[in-house]
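> Below: one structure in structure tokens.
The values are calculated or read from the model by the stated rules, or taken from the named source; none is laboratory data. Because the structure is a prediction, the values reported are computed rather than measured. With ideal geometry, Cβ positions are generated from the backbone for all residues, glycine too; neighbour counts draw on all protein chains shown. Just the protein is used for accessible areas: all its heavy atoms, side chains included, with ligands, DNA and RNA removed. Shrake-Rupley method; radii C 1.70, N 1.55, O 1.52, S 1.80 Å.
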Amino acid sequence: MEILQQIANQLKTAKQVAIFTHMRPDGDALGSSLALSCALEYLGIANEVCVETDLPSNLRFINGLEKVKKAPEKEYDVLITLDCSDEQRLGALGDEFMRAKRKKDTYNVDHHVSNTRYAKVNFVRECSANCMNVAKLIEYMGAPIDKRTAEHLLLGLLTDSGNFAHDDVNEETLSLGAKLVKAGADIHYFNYNLFKKQSKARAGLYAQTMSGMRYFHDDRFAVITITREAMQKHGADNGMTEGFVDFPLNVDSVEVACSIMEVNYRQYKISLRTKRYADANKIAGTFGGGGHVRAAGCMLFGDLEDVIDRLSYVVSQYLED
């Protein structure tokens, strides 16, 4: 934690901080960023939260989204990235980061095993959610975890721990959750909005997607495909697909689940989940992606059936005989 204390000390001396997180942000990315923003505000330090892409529809219930910009609007002296394993995941902000790295202090606080340590100072600790690292960072900065900050941290904690269901959940995860609830975060509100609430459009897309689920390798590898045509048919958007990949993993025989979402012509966003022994990070790493042992992702290009064949072959190398 010495490096995290060093980052905290430097942030406290900053005049203007830019906080970057990855494209198509999830709850942990936004929760980490907005929580740190609250802590900096408490200390009187000006800051901006930046995400290159539009924010997903499933997270629009979060307070504080008006803070999020697509690029810095003010000059900053410190740049910190949160929940981002490499600079490419920043999208267009990656160029901004590389320019900043030459002249300014840059920090990287993350929890992905695939992190490339791309900043001048890097703190990478594997844990259930990066919000756990940010909670420690806020503590070292001497800022309180008030109700607003607790809500942002709980958002990330619930999202990346799978509502406290993933196998990396431990005493620290649960202890932080209790602390955040004690600080005023409404866990029932977040549970409903993150895991239960859905629109008619999402329900229709979900039903169509799961009805087309395919199995490979003696039903140990399950694949769902989400096409742009299907999303247009149901009036859905990308944010509504959050959590789709978790359903195939509930099938008893399945060890590896994969969601293939069409984002452009011949371009697919791949999300992988594993159950007991297969390493999702290594599977995604074969294609230039990464993430965690149980959850990872990458981008693939080409015809859909070719993409499925390539994934199927690589997955087969990680299934036990």
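> Residue farthest toward the positive end of the dipole of the chain, with Cβ of Lys/Arg at +1 and Asp/Glu at -1: which of LEU153, GLY204, TYR318?
Most positive-ward Cα: LEU153.
> Follow-up. Once neighbouring chains are kept in place and the probe is 1.4 Å, which whole percent of the accessible area of region 144-271 is contributed by carbon and sulfur?
Working: 3170 of 6440 Å².
Its accessible area is 49 percent carbon and sulfur atoms.
> Taking a threshold of 20 Å on the Cα-Cα distance, which of the pairs LYS67/LYS147; LYS15/LYS103; LYS136/LYS197 fall above it?
Working: LYS67/LYS147 17 Å; LYS15/LYS103 15 Å; LYS136/LYS197 31 Å.
In this structure, LYS136/LYS197 lie more than 20 Å apart at Cα.
> Sticking with this one: Once you sort the root eigenvalues of the Cα gyration tensor of region 1-138 as a ≥ b ≥ c, which label holds: rounded (a/c under 1.5), prolate (a/b larger than b/c) or oblate (the other case)? If you can, show how the numbers build up before the last one.
Values: a/c = 1.17, a/b = 1.12, b/c = 1.05.
Rounded is the answer for region 1-138, as its axis ratio a/c remains below 1.5.
> Taking all protein chains in place and a 1.4 Å probe, what share, in percent, of the accessible surface of region 2-113 do carbon and sulfur account for? It would help to have the intermediate numbers written out before the result.
Working: 2030 of 4540 Å².
Heavy-atom surface of region 2-113 belonging to carbon and sulfur, 1.4 Å probe: 45 percent.
> When ranked by the protection proxy of mean other Cβ atoms within 10 Å per residue, highest first, what sequence do the peptides 116-126, 66-76 form?
Values: 116-126: 17.4, 66-76: 13.9.
Descending mean neighbour count gives 116-126, 66-76.
> Quick one: helix 27-42 against the long Cα principal axis of the chain, what's the angle to the nearest 10°, folded into 0 to 90?
Tilt relative to the chain: about 10 degrees.
> For a quick protection proxy, order the peptides 32-45, 199-212, 145-158, 268-281 by their average other-Cβ count within 10 Å, most packed first.
Working: 32-45: 23.2, 199-212: 15.5, 145-158: 24.8, 268-281: 20.6.
The most tightly packed comes first, giving 145-158, 32-45, 268-281, 199-212.
> Is the shape of region 191-235 rounded, prolate or oblate, going by the alpha carbon gyration tensor and its root eigenvalues a ≥ b ≥ c, with a/c under 1.5 for rounded and a/b larger than b/c for prolate? It would help to have the intermediate numbers written out before the result.
Values: a/c = 3.35, a/b = 1.48, b/c = 2.26.
Since a/c reaches 1.5 but b/c is at least a/b, the shape of region 191-235 is classed as oblate.
> If a/c stays under 1.5 just call it rounded; otherwise compare a/b with b/c (prolate if a/b is bigger, oblate if not). Do that for region 170-321, with a ≥ b ≥ c from the square roots of the Cα gyration tensor eigenvalues. Intermediate results must be reported in sequence, preceding the final value.
On the way: a/c = 1.96, a/b = 1.26, b/c = 1.55.
Oblate, since a/c reaches 1.5 and b/c is not below a/b.
> For the pair ASP219 and VAL121, how long in nm is the line joining their label points, each one 7 Å along Cα→Cβ?
It is 5.3 nm.
> Scale the Cα Rg of region 86-183 by the rule-of-thumb value 2.2 N^0.38 Å and send over the ratio, two decimals.
1.18
> In the chain, what % of DSSP beta bridges are antiparallel (nearest 5)? Mind showing how you got there, number by number?
Numbers: 20 of 46 bridges.
Bridges in the chain that DSSP calls antiparallel: roughly 45 percent.
> I need the phi-derived Karplus couplings for region 105-121: 6.51 cos²θ - 1.76 cosθ + 1.60, θ = phi - 60°, integer Hz, Gly and Pro marked x.
With the stated coefficients, region 105-121 comes to 6, 10, 10, 9, 10, 8, 10, 7, 5, 8, 4, 9, 6, 8, 9, 5, 10 Hz.
> Starting from the Kirkwood Rh over alpha-carbon pairs, what translational D in µm² s⁻¹ does the chain have by Stokes-Einstein at 37 °C and 0.692 mPa s? Don't jump to the answer; show the numbers that get you there.
Working: Rh = 20.1 Å.
So the translational diffusion coefficient is about 163 µm²/s.
> What accessible area per residue, rounded to a whole number of Å², is obtained for the chain using a probe radius of 1.4 Å? Spell out each step's value before the answer.
Numbers: 14440 Å² over 321 residues.
That works out to 45 Å² for each residue.
> Using a 1.4 angstrom probe and counting only protein chains, how large is the accessible area of VAL245 in Å², to 10?
Its heavy atoms expose roughly 10 Å² to the probe.
> Computed over the Cα atoms of region 146-224, what is the convex hull's projected area averaged over all directions, in nm²?
6.8 nm²
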